[in-house]
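Each remark here refers to the structure printed beneath this line.
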Amino acid sequence: MGTTMKIGIVGKGGVGKTTTSSLLARALVGRGRRVLAVDTDSNPNLGLSLGLGAEATEALEPIPRSMVVGRRGDMTVAELMDDFAVLTPEGVTLMSALRVDEAGAGCTCGGHASVRSLLGEALHSETDDTIVDMEAGIEHLSRSGGTLAHADVLVLMMEPSRKAIITAQRTIGLAADLGITRCVGVGNRVDDEEARRALEEMCSEHGVPLDVIIPSNSTLAEADRRGQPLGRDAAPEVWSAIDTLVDRLELSAEVLAPR
Ligand SMILES: Nc1ncnc2c1ncn2[C@@H]1O[C@H](COP(=O)(O)OP(=O)(O)O)[C@@H](O)[C@H]1O
Ligand SMILES: [Mg+2]
């Protein structure tokens, strides 16, 4: 597979964006890809899921706000990665775009602008795939914000709840306005057949794709509680769902290549 992918992970709060971002990033590394993961949460914790540890995750310096990335901008992609990215123990390179340390420190739009600029660059000299773990909500898909304006594909994270699916439905509309037409739907924390059926029905009612189902898994939840990455041999049902997600993403990239 020659194409690079710029993937935005989006959805309602608590549906599993950070968890899935970390697993997807690791699965891509497992397929021999260089992966850059960008944490855009103002309360960043993707580092924990990638095995970086609490202290190093805390110490990770966010990229400068409102910067223009590129040869004619403030910093090239290579410089940005040299200065602000760390290689995590699972082989994923991590960058933090936002951190709110002080009360009243102002809005985070500048951090989002930097991510937008980064994604607008050709990244293939530095990384194969870029995964942006988005802050909850859909504000940053709006035309004015447009953090993900240059993303190739969105992963719509959902749980079996109508609110999560309506959020995904709204996201598809906003993404289309930004010119992003590729959306892969992922149902997460699906407990049983009944939950799966309910999820399928709601998705079809709201016109939301459902491509991958990740089961509810206590080993995954426990690893997260301990602040550790999920073992490669733990929770095979979860890893198998993530593999399916990688296949779906690669397939949609191939169908639409070359970009
Ligand atoms: N498939 C799953 N099975 C069990 N627990 C999960 C699963 N996916 C996520 N979780 C748990 O749900 C919580 C929210 O997940 P997180 O990835 O932080 O969501 P988000 O980033 O969307 O806010 C975490 O405690 C996580 O461990
Ligand atoms: Mg999160």
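The values are calculated or read from the model by the stated rules, or taken from the named source; none is laboratory data. Here the structure is a predicted model, which means the values were calculated and not measured. Using ideal geometry, Cβ is built from the backbone for each residue, glycine included, and neighbour counts are taken over all protein chains shown. Note: accessible area is taken over every heavy atom of the protein model, side chains too, but ligands, DNA and RNA are not part of it. Shrake-Rupley method; radii C 1.70, N 1.55, O 1.52, S 1.80 Å.
When the chain is modelled as a GNM with alpha-carbon springs shorter than 10 Å, which of S161, S125, S96 fluctuates the most?
Comparing S161, S125, S96 in a Gaussian network model of the chain, the most mobile one is S125.
Quick test of the membrane-span-like rule: which DSSP H helices of the chain reach at least 20 Å along their long axis (C-alpha atoms) with mean Kyte hydropathy at least 0.0?
Taking the DSSP H segments of the chain (at least 20 Å long, mean hydropathy at least 0.0), we get 162-177, 236-256.
Wrap a convex hull around the Cα atoms of segment 84-224, take a quarter of its surface area, and give that in square nanometres.
10.4 nm²
Rg and Dmax of segment 166-259 over Cα atoms: what are they, in angstrom?
Expressed in Å, the Cα Rg and Dmax of segment 166-259 come to 15.4, 42.
Where the only charges are on Cβ atoms (+1 Lys, Arg; -1 Asp, Glu), what is the dipole of segment 172-259 about its Cα centre, to the nearest 20 debye?
Dipole magnitude for segment 172-259 comes out near 380 debye.
Provide the net charge surrounding G120, with neighbours chosen by a C-beta distance below 13 Å and charges set as Lys +1, Arg +1, Asp -1, Glu -1.
Taking every other residue near G120 into account, the sum is +2.
Please work out, to two decimal places, the log10 of the ratio I(q)/I(0) at q = 0.20 Å⁻¹ from a Debye calculation in which every Cα of segment 1-150 carries one identical scatterer.
Result of the Debye calculation: -1.35.
Just how many % of Cα pairs in the chain lie over 30 Å apart, if you round to the nearest whole percent?
The answer is 22 percent, as a whole percent.
Suppose each label sits 7 Å from its Cα in the direction of the beta carbon; what would the S204-S161 distance come out to in nanometres?
In this crude label model, S204 to S161 measures out at 2.5 nm.
With +1 assigned to the C-beta of every Lys and Arg and -1 to the C-beta of every Asp and Glu, and no other charges, what is the dipole magnitude of the chain about the Cα centre in debye, to the nearest 20?
Here the chain has a charge dipole of around 560 debye.
What does DSSP give for segment 5-256 in terms of the percent of beta bridges that are antiparallel, rounded to the nearest 5?
So the antiparallel bridges amount to about 5 percent of the total.
About its Cα centre, how strong a charge dipole does segment 6-72 have in debye, to the nearest 20, once Lys and Arg get +1 and Asp and Glu get -1 at the Cβ?
Dipole size: approximately 560 debye.
Hand me the trypsin sites (Lys or Arg not before Pro) from segment 87-193 located in a DSSP loop with no more than 13 other Cβ atoms within 10 Å, in residue order please.
Counting only loop positions with at most 13 other Cβ atoms within 10 Å, the trypsin sites (Lys or Arg not before Pro) in segment 87-193 are R143.
Pairs of alpha-carbon atoms within less than 8 angstrom and 6+ residues apart define the contacts here; what relative contact order does segment 12-99 have, in percent?
37 percent
Any idea how far apart T181 and C109 come out in nm if each label point goes 7 Å out from Cα toward Cβ?
3.1 nm
Below 11 angstrom from the Cβ of S161, what's the summed charge of the other residues (Lys, Arg +1; Asp, Glu -1)?
Counting the neighbours of S161, the net charge comes to +3.
Quick one: with all protein chains in place, what share of the accessible area of the chain is carbon or sulfur, to the nearest percent (1.4 Å probe)?
47 percent
Tell me, what is the percent relative contact order of the chain, built from C-alpha pairs under 8 Å that lie six or more residues apart?
26 percent
Residues of segment 35-70 with amide nitrogen under 18 Å from the 7 Å Cα-to-Cβ point of Q228?
47-57
How far apart, in nm, are two points set 7 Å out from the Cα along the Cα-to-Cβ line at T76 and at S218?
For T76 paired with S218, the spin-label model returns 5.3 nm.
Let me understand segment 38-117 better: what is its radius of gyration from the alpha carbons, and its Dmax, in angstrom?
Rg then Dmax for segment 38-117, in Å: 12.6, 36.
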